[in-house]
Structure formats: C-alpha cells, structure tokens
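Below is one structure; the comments refer to it alone.
The values are calculated or read from the model by the stated rules, or taken from the named source; none is laboratory data. From a predicted model like this one, the values you see are computed outputs, not experimental measurements. For neighbour counting, all protein chains shown are included, and Cβ atoms are generated from backbone atoms with ideal geometry for every residue, glycine included. Quick note on the areas: whole protein, heavy atoms, side chains included, nothing else; ligands and nucleic acids left out. Shrake-Rupley method; radii C 1.70, N 1.55, O 1.52, S 1.80 Å.
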Amino acid sequence: MSGESALREVLAKACQVLFATRAAGDGLAGHLSARLDGERMLIKPRPASWRSVTPADLIVLDGNGNRVDGPASAESEVREWPIHARIYRARPDVVCVMHAHPVASTLMGSLGIALEPLD
C-alpha cells in the first residue's frame, strides 16, 4: 500500500471515530485533512459524511484550494480549505488539521463562553 493509500485509510477511519465520539459535530460540516507534502493536502470534502466517509471519498487539494487528483465538482466542495492551507503554511510541523462544529463548543462560542482545553 502506498503512502497516500495508507493515509487515505487512516484519515477515513479517523473521520468515522470522530463521528462516533461526537467530536465531528453535525456529522457533515467541517473537514479533516492531512498534509501530503509541502503543496498538497488530503481532505474530506463537505458532501462526504463523517460517519460513512471512505478512502475514495477523500480528495487532494493544492495550497490554493484547487483539486489536483481529479475534476472539481459539487462532490469535492471544500469552502474552508484556507483554514487548512494557512495552518500548514505557518506550521511545517503540523501534519493534520480538523475543522468541525461540535454542538457544545458552537453553543459556548455563540454565548461568549470561553473554551478551555481539558487535556
């Protein structure tokens, strides 16, 4: 199994675990990505459900948000790609980025309650 194939397997499984533990919020919005190299990231597109995402559902974007592993389409929509790209540019040591909308933190943010890490 190639590096990208193995990473696809791990990222898809991580999405399912995050959904099962309710860390992925509503199960659709948000993205999980992994750095492939200095210019590309593997990412879960919005239409793919956190619960049932497969390795084949994941797409590859460059640092400008362009899909580079196939044609762009509604199924490959990732509006929040800049969050991931900017973190990868600013932090070469970061290999994975998660952007999600967990219910509790979304509610706390809406009410102005400070979020504090627990561990």
Test each condition in (1) open to solvent by less than 30 Å² (accessible area, probe 1.4 Å); (2) outside any loop (DSSP other than H, G, I, E, B); (3) not charged (D, E, K, R) for G65 and report the one that comes out false. (2)
So which of R40, R51, R67 is closer than 24 Å to G3 by Cβ and touching a helix residue (DSSP H, G or I) at 6+ places or on another chain (Cβ under 6 Å)? R67
So in the range 46-62, with the set limited to residues that are of a type in the set (D, E, K, R) and not in a helix (DSSP H, G or I), which one is surrounded by the fewest Cβ atoms within 10 Å (Cβ to Cβ)? R51
Would you mind telling me which numbered condition in (1) surrounded by 15 or more Cβ atoms within 10 Å (Cβ to Cβ); (2) touching a residue at least 60 places away in the same chain (Cβ under 8 Å) L7 fails? (2)
In this structure, is T21 in contact (Cβ under 8 Å) with a residue 24 or more places away in the chain and either more than 13 Å from the chain's Cα centre (by Cα) or over 25 Å from G109 (Cα atoms) (or both)? no
Does A34 count as in contact (Cβ under 8 Å) with a residue 12 or more places away in the chain, of a type in the set (A, V, I, L, M) and out of contact with any Asp or Glu (no Cβ under 8 Å at 6 or more places or on another chain)? yes
Within the range 68-81, how many residues are closer than 17 Å to H99 by Cβ, modelled with pLDDT of 90 or more and open to solvent by 60 Å² or more (accessible area, probe 1.4 Å)? 1
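One line per residue, one yes/no per condition, for (1) part of a loop (DSSP other than H, G, I, E, B); (2) modelled with pLDDT under 95; (3) of a type in the set (A, V, I, L, M):
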site	(1), (2), (3)
L7	no, no, yes
L11	no, no, yes
V17	no, yes, yes
R22	yes, yes, no
S33	no, no, no
Limited to the range 83-111, what total is found for residues that are assigned to a loop (DSSP other than H, G, I, E, B) and either touching a helix residue (DSSP H, G or I) at 6+ places or on another chain (Cβ under 7 Å) or open to solvent by less than 70 Å² (accessible area, probe 1.4 Å) (or both)? 3
